[in-house]
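J.: First, the structure itself, so that you have it in front of you.
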Amino acid sequence: MLNLLRSDFYKTSRMKVFYVFLFSTFLFASSFSFFIIRNALKNSYLDDKVSVSQLLLNNLGCTMLFSTIFTALFMGNDFKFNIVGSVISRGISRSNYYFSKLIVSVLLYISLFILDKLCVLAVGSGYKISFGDFNKFFFLWIFCEITCGLSSVCFANMLVSFFGSRSLIFIMLLNFGSLVVIPIINGLLHAVLKINVELENFWMGSANMFHPEYKQSLKESTSARDIVKNIIWCVVFTAIGILSFQKRDIKNK
Amino acid sequence: MDFILRTSMLTKVYRDEAAVSGVNISIQKGDIYGLIGKNGAGKTTLMRLILGIVAPTEGRVELFGGKSLSEVGKKIGSIIEIPAIYPYMSAKENLEAQRLLLGIEDESIVGFLLEKVGLLNVGKKKADKFSLGMKQRLSLALSLMGSPELLILDEPTNGLDPSGIREVRQLIKELCEKDGVTILISSHLLTELSRLATRYGIMNKGKLVEEFTAAELDERAKPSLLIKVDNVDKSTEIIEKDLKTKNFKIRDSNTIELFENEENPGKINKLLSENGIIVESIFKSQVDLEEYFLKVIDTDKAEN
């Protein structure tokens, strides 16, 4: 597993897109933060104080987008260039192969995240910053959000690699689940059974990052719930991803 | 350990069609096993089954005396169909990634392998700028990483020019003779294969229809005389009586294949003519691997 990781990190370091995303993250994080903070302070809706947790959450979507593209390329390349077969034929287990891709993707995200936040904090350091709104689960919450998000990306890539464009329909359904299907089910449950339930609380996390609650301050109970939820979804995606990979024949492209 | 690779009733069915059907193959240490077959005969699928790239529908693969791929995978190098290389990396970088994957500490192995396949001077050129032959050489270098004891090569000379084919042949021979590497190789270049292989297996429609050694091929490929005459029955009587031999076969209604006196076609011609037989043609025939392969395939087709 360690050798596989070393090889995957080496491959990452040889991908131009890795450096493009590092530079883009630096550029976006610095410029966006500068304008957002300046604008927010000018319009006085931050009470002359910038919250560190808000700064940390800021731009999370951008790094997620970069990581998603990177993971898609990183995993897709192996299928496209028939590398998977040559790795598997060297006796490396498919589950290790899958885990290695997931670990590299998560670590790449974390690197982009750290770079992004360093830039944001550097820009924000010129202003009054509030540290009062952290809760003890904050960083674990972010880590679980990232890992869960990327486990779904790895899973989706595995599906696309095996089933091609057909699986995009399934992935789109998965993505739209929280936006379209869940509100409809919520509404139906309320209308028919008079039950007030928010199914989005049980759905994988990334969509919730844009919930107003997170824009203010993150409650411990909400963080704890999301951590558990994201761990469960991460295990589900990874287990299905590995199982489907174990049973499939690897075809040459 | 008496075998390096053994398959038992190995079968792969796609939908309702068997790509590989009940193949039993056994390769001993030091063999160069040539796998021959038409396109779609199941050679590549068999190799992919052995390498765990596809899962068998039935049967099993045993390696290095009964071990599984996960135990001995690092001892196996392979090239299956298309070279498995990253086009955005140089030859050196591709090999470096493979070195790290296999946990080889000795960094000099990269240069050694580049030299071995003649790619030492390509520098930082990315693999997508390589010719097919260069890609094939790189692929061969990748398969040699980790000093494998078993090499599985599917069309390794694909895309190579005549000098490249010769170099690869010499390299394979050297690996087998000097390093004791066992090789399973498939190729459509049967003349090339016949210069290498010590054993052969012919596949047709997913089945292993015949296995033979190089010595057995030599025996079967003995030269003969193909005699076309107007009267086969009378001709065979004369041959039996005057040449005192039954070492011939009647090929069709007017052709006899004689396995003796192949150096004396004039003598046979004279003998038959003196006995009133019209000899339409007489020529010396020697079956090579290609002809033998076609013969086996034709026989298999006729039987099915």
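The values are calculated or read from the model by the stated rules, or taken from the named source; none is laboratory data. Since the model is a prediction, treat every value here as computed from it, not as a measurement. Cβ coordinates were reconstructed from backbone atoms using ideal geometry, including for glycine residues, and neighbour counts include every protein chain displayed. These area figures cover heavy atoms from the full protein model, side chains too; ligands, DNA and RNA do not enter into them. Shrake-Rupley method; radii C 1.70, N 1.55, O 1.52, S 1.80 Å.
J.: Could you check, for region B:206-229, whether at least one of its residues is farther than 28 Å from B:ILE297 by Cα and of a type in the set (S, T, N, Q)?
T.: Looking through region B:206-229, none of the residues is farther than 28 Å from B:ILE297 by Cα and of a type in the set (S, T, N, Q).
J.: If you don't mind, there's one more thing I want to ask. On the given criteria, is B:LEU289 at pLDDT below 75, touching a strand residue (DSSP E or B) at 6+ places or on another chain (Cβ under 8 Å) and not aromatic (Phe, Trp, Tyr)?
T.: Considered against the rule, which asks whether it is at pLDDT below 75, touching a strand residue (DSSP E or B) at 6+ places or on another chain (Cβ under 8 Å) and not aromatic (Phe, Trp, Tyr), B:LEU289 comes out as yes.
J.: Out of A:GLY85, A:GLY76, report the one residue that is open to solvent by less than 30 Å² (accessible area, probe 1.4 Å) and either facing another protein chain (nearest Cβ under 9 Å) or at pLDDT 85 or above (or both).
T.: A:GLY85
J.: Quick check: anything in region B:77-87 within 8 Å of chain A (Cβ to nearest Cβ), closer than 22 Å to A:VAL84 by Cα and assigned to a strand (DSSP E or B)?
T.: yes
J.: Something else: Which residues, counting only those in region B:155-183, are part of a strand (DSSP E or B) and touching a helix residue (DSSP H, G or I) at 6+ places or on another chain (Cβ under 7 Å)?
T.: Residue satisfying the conditions is B:ILE183 alone.
J.: With respect to the numbered conditions (1) open to solvent by 10 Å² or more (accessible area, probe 1.4 Å); (2) over 23 Å from the mean Cα position of the chain (by Cα); (3) within 8 Å of chain A (Cβ to nearest Cβ), which one is the sole condition not fulfilled by B:SER108?
T.: Among (1) open to solvent by 10 Å² or more (accessible area, probe 1.4 Å); (2) over 23 Å from the mean Cα position of the chain (by Cα); (3) within 8 Å of chain A (Cβ to nearest Cβ), the lone unmet condition for B:SER108 is (3).
J.: So the check is Cβ under 8 Å with 6+ separation or different chains; which pairs have a first residue in region B:119-130 that's hydrophobic (A, V, I, L, M, F, W, C) and a second one that's in a loop (DSSP other than H, G, I, E, B)?
T.: Short answer, once both residue conditions are applied: B:VAL122/B:PHE130; B:ALA127/B:ILE85; B:ALA127/B:TYR86; B:ALA127/B:PRO87; B:ALA127/B:TYR88; B:ALA127/B:MET89.
J.: Mind listing just one residue for me: the one in region A:82-112 that is part of a loop (DSSP other than H, G, I, E, B) and touching a residue at least 40 places away in the same chain (Cβ under 8 Å) and, of those, nearest to A:LYS251 (Cα to Cα)?
T.: The qualifying residue nearest to A:LYS251 (Cα to Cα) is A:ASN82.
J.: Would you mind telling me which numbered condition in (1) out of contact with any strand residue (DSSP E or B) (no Cβ under 6 Å at 6 or more places or on another chain); (2) buried (at least 23 other Cβ atoms within 10 Å of the Cβ); (3) within 13 Å of chain A (Cβ to nearest Cβ) B:LEU113 fails?
T.: Only one criterion is unmet by B:LEU113, namely (3).
J.: Pairs please, first residue from region B:229-255 and free of Cβ contacts under 8 Å to residues at least 24 places away in the same chain and surrounded by fewer than 16 Cβ atoms within 10 Å (Cβ to Cβ), second anywhere and part of a strand (DSSP E or B) and not charged (D, E, K, R), Cβ atoms under 6 Å, 6+ apart in sequence or on different chains.
T.: Close Cβ pairs satisfying both conditions: B:ILE250/B:ILE256.
J.: Now a separate question. Could you list all residues from region B:35-57 that are hydrophobic (A, V, I, L, M, F, W, C), open to solvent by less than 30 Å² (accessible area, probe 1.4 Å) and within 14 Å of chain A (Cβ to nearest Cβ)?
T.: B:LEU46, B:MET47, B:LEU49, B:ILE50, B:LEU51, B:ILE53, B:VAL54
J.: Taking B:GLU237, is it in a loop (DSSP other than H, G, I, E, B) and farther than 30 Å from B:VAL23 by Cβ?
T.: Against the criterion (in a loop (DSSP other than H, G, I, E, B) and farther than 30 Å from B:VAL23 by Cβ), B:GLU237 does not qualify.
J.: Taking the stated definitions as given, is B:GLU93 without any contact (Cβ under 8 Å) to a residue 24 or more places away in the chain and either part of a helix (DSSP H, G or I) or within 7 Å of another protein chain (Cβ to nearest Cβ) (or both)?
T.: When the stated conditions are applied, B:GLU93 passes them.
J.: Residues that are over 23 Å from B:GLU96 (Cβ atoms) and either modelled with pLDDT of 75 or more or touching a His at 6+ places or on another chain (Cβ under 8 Å) (or both): does region A:49-62 have at least one?
T.: Looking for residues that are over 23 Å from B:GLU96 (Cβ atoms) and either modelled with pLDDT of 75 or more or touching a His at 6+ places or on another chain (Cβ under 8 Å) (or both), one finds none in region A:49-62, hence no.
J.: Hey, another quick one. Scan region B:58-69 and tell me whether some residue there is at the interface with chain A (Cβ under 9 Å from one of its Cβ atoms), among the hydroxyl-bearing types (Ser, Thr, Tyr) and in contact (Cβ under 8 Å) with a residue 12 or more places away in the chain.
T.: no
J.: From the set of residues in region B:136-157 that are farther than 15 Å from A:SER86 by Cα and in contact (Cβ under 8 Å) with a residue 40 or more places away in the chain, which is most open to solvent (accessible area, probe 1.4 Å)?
T.: The qualifying residue most open to solvent (accessible area, probe 1.4 Å) is B:GLU149.
J.: Does B:ILE32 satisfy the condition of being within 11 Å of chain A (Cβ to nearest Cβ) and β-branched (Val, Ile, Thr)?
T.: no
J.: Across region B:195-228, which residue is surrounded by the fewest Cβ atoms within 10 Å (Cβ to Cβ) among those that are touching a residue at least 60 places away in the same chain (Cβ under 8 Å), of a type outside the set (D, E, K, R) and more than 26 Å from B:THR11 (Cβ to Cβ)?
T.: If we take residues in region B:195-228 being touching a residue at least 60 places away in the same chain (Cβ under 8 Å), of a type outside the set (D, E, K, R) and more than 26 Å from B:THR11 (Cβ to Cβ), then B:PRO223 is surrounded by the fewest Cβ atoms within 10 Å (Cβ to Cβ).
J.: Starting from residues that are charged (D, E, K, R) and free of Cβ contacts under 8 Å to residues at least 12 places away in the same chain, keep the ones in region B:96-118 and report whichever is nearest to A:ARG6 (Cα to Cα).
T.: Among those that are charged (D, E, K, R) and free of Cβ contacts under 8 Å to residues at least 12 places away in the same chain, it is B:GLU105.
J.: Report yes if some residue within region B:62-75 is of a type in the set (Val, Ile, Thr), at negative phi and touching a Phe, Trp or Tyr at 6+ places or on another chain (Cβ under 8 Å); otherwise report no.
T.: Within region B:62-75, one or more residues are of a type in the set (Val, Ile, Thr), at negative phi and touching a Phe, Trp or Tyr at 6+ places or on another chain (Cβ under 8 Å).
J.: I need the full set of residues from region A:85-99 which are in contact with a Ser or Thr (Cβ under 8 Å, 6 or more places away or on another chain) and either within 18 Å of A:ARG14 (Cα to Cα) or of a type in the set (Gly, Ala, Ser) (or both), in order please.
T.: Across region A:85-99, the qualifying residues are A:SER86, A:SER89, A:GLY91, A:SER93.
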